[in-house]
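Data first, discussion second: the structure below is written as C-alpha cells.
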Amino acid sequence: MNHRMQCWRGHTLLAAFLLIAALPAVHAGEVSVAVAANFTEAARELTARFAAATGHRARLSFGSTGQLYAQISNGAPYEVFLAADSERPRKVDSTGHAVRGSRFTYAVGALLMVSDKEGMFDDGPAFLEAGDFQRIAIANPDTAPYGLAAQQVLEALGMWQPLQRKIVRGNSIAQTYQFVATGNTDIGFIAQSQAVSRNARNGTAFGSSWQVPAELYDPIEQQAVLLTRGADNAAAAAFIDFLKSDDARTIIAGFGYSVPYLNTAQR
Amino acid sequence: MSLDWQPVYLTIKLAGLTTLLLLLIGTPLAWWLARSTAWYKQAVASVVALPLVLPPTVIGFYLLLLLGPNGPVGKITQSLGMGVLPFTFGGLLVASVFYSMPFVVQPLQNAFESVGKRPLEVAATLRASPLDTFFSVVVPLARPGFLTAAVLGFAHTVGEFGVVLMIGGNIPGETRVLSVAIYDHVETLDYTQAHILSAGLIGFAFLVLLTLYIVNGKLNRSDAL
C-alpha cells in the first residue's frame, strides 16, 4: 500500500481511539453536593456506590445545615442540598433556589446521649437531673438541627435553664461529636449515625449511651432538594434518583437512620 | 438597634489580660533573645515565632488535645483539682497568650536590640546594677517597642477566631468572644447584628492603629533631640 493510504489508516485509527477514549468523559458528570455534618460517613459511602453505579462523581462539602443554607442563600455553587431538617430545604424552595417538587425526605435521624466514660449513666433524665458532670456538649441549636433537638429534649426534661452554664455548643454536630469523643465534655448529644459509624470504623462503642425517646423531640426529618444550579446537570438528577433507590436506602438504614418507604425490612 | 454587649466586654477582658500577661512574660524573654549568645537562641526564637505561620485552627486543635483530659497539661490541671481548661475563660487566656506571643515578643526584642551595648556599658561604669540599668536605661529607650508590643498583642487577641472556635465552646459570657459572635450572626443570617459588631470592630482597630502611629511618631521625635 502506498504512503498516502498508510497515513489515512493511521489517522483513522487515531481518531477512532480518541473518540472511544472521550466517551467516558462525555458520560461521566460531576455534581456538587452540600451535606449536613451528621450524614458525613453515609454520604461518602453513597458517593462511592453512586460512582460505581453511574460513573458520575459527586463532590461533597460538609457543614452544619444552617451554615450550608446561609452559603446557598448567598450563591454558593452547590447543586444538591442534603439537609438535616425540613425547614431549611423548605426555605430554599420558597426563596427560589430549588427546583420545584424535588424536595423529599431521605432519612429520619435519631438523637443519642453519650459519654466517653464507661458506666456513667443508664437512665438519662435521672443523670441529667443529678447534675454530676461538668460539661455537656450539644450542637448549636441555631445552626444544627441535632442541636435544636437536644435543646428540645432538655426543655422537655425541664433541664434547659438549670444546665445553661454547663452547655458547650459545637458549631456543627461533627464538632459536638469531637468534644464528646475526646472526653473534653463529660457527656453530649450526638447523632445516632455517628455512634454507628464509630462502631463500624474501629469496633468501639461509647462508654455510656442513652437512646433518647422519640417523643421528647420533634422528628429529625432530613430532606434533600435539587438546587437551581443543578437543574440542567444530568449527574445531579441522577444523584437525586440514586438517593431514592433501594440500594441507597439500604445503605442509609445501615447507618442507623429510619428510611421512609424502604422495601426491605422496615425499621 | 440593641447591641449585645456581652461579647464586647468579654473580648476586652480577654485581650487586656492576655496583653498584661504577655508583657510580663515577654519582656524577660525578649531581653534574653536580644542579649543571649547561646547556641539554641535561634531555636527558641523560632518556637516563639511559630504562631505567626501556623494556621490558628492547628494551634486550637493541638491545644484542645494538650489541655483536654487525655493530654499532658489536662492531666496536670485535673490533678490540681482545676478540671480541664478547654471551654473556660482560663483556657482561652492560655491559648491567647500562646497565639499572640510573637506579636509582643518580637517588637520588644527589636527595641531591646536597637538600644545597643553602649548605653548599658555606660550605665555599668556609673555603678548601676543590671536591674537598675534595665529599668532606668533600657525601658525608657525601648518605650516605642513596649507600646507597639502592647497594642499589637491586644489587637491580635481581639481578632482571634480559629483558636477560639476550636477550644471555646461558644459559651455566652465565658468564651463567646466578638469574633465568634459575629460568625454566629452571619451563620444565622442575622446580618444587622453582624454589621454592627463588625463595623465597631473595624472602627476600634483603626483607632488603635492611628493612636499607635501618632504616639510612636511623637516618641521618636522627642527622642531625636
Pairs, first at the interface with another protein chain (Cβ under 9 Å from one of its Cβ atoms) in segment B:161-177, second basic (K, R), C-beta under 7 Å, six or more apart: B:G169/A:R169; B:N170/A:R169; B:N170/B:R176
Segment B:182-225, residues that are within 22 Å of the chain's Cα centre (by Cα), β-branched (V, I, T) and either surrounded by 13 or more Cβ atoms within 10 Å (Cβ to Cβ) or at positive phi (or both): B:I182, B:V208, B:V215
Residue among A:A191, A:A238 that alone is farther than 30 Å from B:L64 by Cα, out of contact with any Asp or Glu (no Cβ under 9 Å at 6 or more places or on another chain) and more than 14 Å from every other protein chain (Cβ to nearest Cβ): A:A238
Residue within segment B:39-53 that is under 25 Å from B:H185 (Cα atoms) and of a type outside the set (S, T, Y) present: no
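Matching residues to (1) within 14 Å of chain B (Cβ to nearest Cβ); (2) in a helix (DSSP H, G or I):
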| residue | (1), (2) |
| --- | --- |
| A:A70 | yes, yes |
| A:A76 | yes, no |
| A:R90 | no, yes |
| A:G101 | no, no |
| A:A107 | no, no |
| A:L128 | no, yes |
Counted residues, segment B:162-181 - those being surrounded by fewer than 21 Cβ atoms within 10 Å (Cβ to Cβ) and either over 13 Å from A:N171 (Cα atoms) or in contact with a His (Cβ under 8 Å, 6 or more places away or on another chain) (or both): 3
Top-ranked residue in segment A:109-121 [being more than 16 Å from the chain's Cα centre (by Cα) and part of a loop (DSSP other than H, G, I, E, B); ranked as surrounded by the most Cβ atoms within 10 Å (Cβ to Cβ)]: A:F121
Scan of segment A:233-256 for residues that are without any contact (Cβ under 8 Å) to a residue 60 or more places away in the chain and either touching a His at 6+ places or on another chain (Cβ under 6 Å) or charged (D, E, K, R) (or both), ordered by number: A:D241, A:D246, A:R249
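No value in this document is a laboratory result; all are computed from the given coordinates. Just so it is clear, the structure is predicted and the values come from calculations on it, not from any experiment. In this analysis, Cβ positions are derived from the backbone assuming ideal geometry, glycine residues included, and neighbour counts consider all displayed protein chains.
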